[in-house]
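For reference, the structure discussed in these notes is given below.
Every number in this text was worked out from the coordinates using simple rules, so none of it is lab data. The structure displayed is predicted, hence computed values, not measured ones. Cβ atoms come from the backbone with ideal geometry, glycine included; neighbour counts cover every protein chain shown.
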Amino acid sequence: MPFCVYIIQSLRDESYYVGTTQDLLNRIERHNQGRSTYTKTKGPWKLVYKEEHPDRSSAMKREYAIKHRKSTDYILNLVDGTHPA
């Protein structure tokens, strides 16, 4: 089963969260149930971007790369499809 790098957006304050999972639907449900420390106060959340990766290692490297850009513009470009993954 492939791993997924995902970006969700808070419907409360429009902030973004980047994560990695092997079960995307379950993970988003957990975010929306308040079962994740960082995201519990900012829900509800909606999925705005996802990428599939063949293994956990490559997915985590990609998550790290996105997070360490520290750029909302970069995330917006990914979400809009105007920046190559």
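With both labels modelled 7 Å from their Cα along Cα-to-Cβ, the ASN77 to THR41 distance reads 3.2 nm.
Of the labelled options (i) 95, 20, 11; (ii) 30, 29, 19; (iii) 39, 20, 19, which one gives Cα extents along the principal axes in Å as computed for this structure? Calculated Cα extents along the principal axes in Å: the matching label is (ii). The relative contact order of the chain comes to 34 percent, based on Cα pairs under 8 Å that sit 6 or more residues apart.
Distance between the 7 Å Cα→Cβ label points at ASP55 and GLU29: 2.9 nm.
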